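Below is one structure, written out as structure tokens; comments come after it.
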Amino acid sequence: MRTGLFGGTFDPIHTGHIIIAETVRSDFPLDRILFIPVGIPPHKENTQITPARTRYRMVELAVDAYPHFNVSDCEIRKKDVSYTIDTVRSLKSSDTWGKDDFYLIIGMDSLLELDTWKKPEALLQEIDTILVGRPGFDLEAVDPRFRQRVAVVQTPLVDISSTEIRRRVREGKSIRTWVPDAVEAYIREKGLYL
């Protein structure tokens, strides 16, 4: 199986994430996408985020209607900071996922910051990487060590951010179509982001 690994804070997961995942799955192509909500993110130490199990549940609700999407709690189960290289190595050695061919899905913002990740060069040797390309992105801005090691899949520009969704909820504005319906219902039911 060709499995794309799509990690993130997902606070909350939104329609843009779903569109990116389905476009990459279809166009690359991949057999399935494994969403991996981060437990303790290394780049957001001073940022308040929603509890991991709550974010995990929102991802479950969002991907439920998509037969090629799965979700893993492998990073949430960790008691310390989650690093992509460790997650990839753990999945490769697992009984459940170990036989898959993995592809890391990252956005341009992540690729531009890859030199701040744990063992970035080892990561790119460990796993094939798919860059989510969007209109106007400039691959030449990426460190040459990294840009030659990624495949690019063009995805639609969907200008939705989790930060904006949280703000809209706090202000009592609609987030319909910004997130899947089940995620919107869960946010309302649990009183999230107020």
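Any read-out appearing in this document is the output of simple, stated calculations on the displayed coordinates, not a laboratory observation. Owing to the predicted nature of the structure, the values given are computational and were not obtained by experimental measurement. We place every Cβ from the backbone using ideal geometry, glycine too, and count neighbours over all the protein chains shown.
How large are Rg and Dmax for the chain when calculated on the C-alpha trace, in angstrom?
16.2, 47
Let me have the 222 nm mean residue ellipticity of the chain computed from DSSP H runs of 4+ only, each contributing -39500 (n - 2.57), with the sum over all residues rounded to the nearest 500.
Values: 8 runs with 69 residues, N = 194.
Computed mean residue ellipticity for the chain: -10000 deg cm²/dmol.
Kindly list the residues of region 129-157 that lie in the label zone of Glu121, defined by a backbone N under 19 Å from the point 7 Å along the Cα-to-C-beta vector.
Of the residues in region 129-157, 129, 142-150 have backbone N under 19 Å from the label point off Glu121.
What order do you get for Phe10, Phe137 when you list them from fewest to most C-beta neighbours inside 10 Å?
On the way: Phe10 24, Phe137 19.
Ascending number of Cβ neighbours within 10 Å: Phe137, Phe10.
At 7 Å along the Cα-to-beta-carbon direction for both Asp64 and Arg170, put a label point, then send me their distance in nm to one decimal.
Here the modelled spin labels are 2.9 nm apart.
Would you mind getting the Kirkwood hydrodynamic radius of region 40-152 from its Cα pairs, rounded to one decimal in Å? Intermediate values should be presented prior to the final figure.
Values: mean 1/r = 0.0634 Å⁻¹.
Hydrodynamic radius (Kirkwood, Cα only) of region 40-152 equals 15.8 Å.
With a 10 Å cut-off between alpha carbons and a GNM built on the chain, which of Thr129, Thr116, Thr23 moves the most?
Maximum among the listed residues: Thr116.
Restricting to the chain, compute how many DSSP beta bridges are antiparallel as a %, nearest 5. List each step's numbers first, then the result.
Numbers: 0 of 25 bridges.
So the antiparallel bridges in the chain amount to around 0 percent.
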